[in-house]
Amino acid sequence: MDTMADTPGKIILGSRSPRRAELLELLIPKEQIEILEPANPVESGFHDAHTWREIERLVSEIARTKNDDVIAQLEDAGRTDYQAVLTADTVIVCSEPRQVHDKVETLHVLGQPHEDGDWKSEVEAWFKKYYFGRDHWALTALCLVDSTGWLHESVLRTTVTFRRADLPLLDWYLSTEEPLGKAGGYAIQEAGSVFVKSIQGSLTNVVGLPLESLRKLLIDCEIEVAV
């Protein structure tokens, strides 16, 4: 009996995020997952993107570019032993405090704090201006390309509401250095959860991999999932 024929191909996760790998393991057996980081870490900037349409277009473009990068690596290695390549990109979107005369909401994408500068002041300013007592959004783009080259994409938005200002708590949070390397300067699955008042939508989307949307994409690709 040829057992190799019964072994499902790998799901290649193109990501540097250990959290995404942990979440994917809830749907796909760990032994079936392979991590292959994109070779090029450079991503498009969001400096000129201030509407939902612009931001969603860019975050989808980033996820797609990561996927192209990983597929190129697989092709260079002559690899065909995979069912699909999965990539994702998550950004935190906030809105400017609106003035009476404002007719259109102005959006901003918050990246990771600048480690080579005064990152604590940067994150503190984000909390005071955009987070405390207000809504913001986590936006994740998924890109799944199956072995036939068929492209599957989705973009999911989750609303996160933070509690009112608590400056001693913020001082403590900054002292943990958890904001470093985190989009938007906080990790909702870790100590950053102390600021959360409510969430509307997918929690795993805020972490970086919306399991509900991903499950649908995998099923559309006829890839067996655990649940």
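What list do you get for H108, H114 if you sort them by fewest beta carbons within 10 Å?
By the 10 Å Cβ count, ascending, the order reads H114, H108.
If you stretched the chain out fully between D81 and E34, how much longer would it get, using 0.36 nm times the residue separation minus the C-alpha to C-alpha distance?
15.8 nm
Of K30/K197; K10/K120; K30/K182, which ones are farther than 30 Å apart at the Cα?
Cα-Cα > 30 Å for K30/K197; K10/K120; rest within.
Enter the Cα centre distance for the pair region 151-222 and region 71-141, rounded to the nearest angstrom.
10 Å
Starting from the 7 Å offset along Cα-to-Cβ, what nm value, one decimal, do you get for the label separation of S198 and W150?
About 3.9 nm separates the two model spin labels.
What is the spin-label model distance, in nm, from E22 to Q189 if the labels are put 7 Å beyond Cα along the C-beta direction?
The answer from the label model is 0.5 nm.
Please identify which residues in region 36-75 have an amide N closer than 12 Å to a label point set 7 Å out from the Cα of V104, following the Cα→Cβ vector.
Output list for this probe position: 49-54.
With the chain treated as a Gaussian network of Cα nodes joined by springs under 10 Å, which of L142, L217, L170 yields the largest mean-square fluctuation?
Looking only at L142, L217, L170, the largest GNM fluctuation is found for L170.
K128 to R53: FRET efficiency via 1/(1 + (r/R0)^6), r the Cβ-Cβ distance, R0 30 Å, to the nearest 0.05?
0.60
Figure the gain on full extension for E61 and E212 (residue separation times 0.36 nm, minus the Cα-Cα span) and round it to one decimal in nm.
So the extension gain works out to 52.3 nm.
Per residue, how much space in cubic angstrom lies within the convex hull of the C-alpha atoms of the chain?
Residue-normalised Cα hull volume stands at 138 Å³.
Please check the chain for the longest run free of GluC sites (Glu not before Pro) that are loop-located per DSSP (anything but H, G, I, E, B) and have at most 14 other Cβ atoms within 10 Å.
Free of exposed loop sites, the longest segment is 1-104.
May I ask you to sort V207, V196 by Cβ crowding, counting other Cβ atoms within 10 Å and putting the fewest first?
V196, V207
Every read-out reported here was derived from the displayed coordinates using simple, explicitly stated rules and does not represent laboratory data. Small disclaimer: the values here were computed from a predicted structure and weren't measured. With ideal geometry, Cβ positions are generated from the backbone for all residues, glycine too; neighbour counts draw on all protein chains shown.
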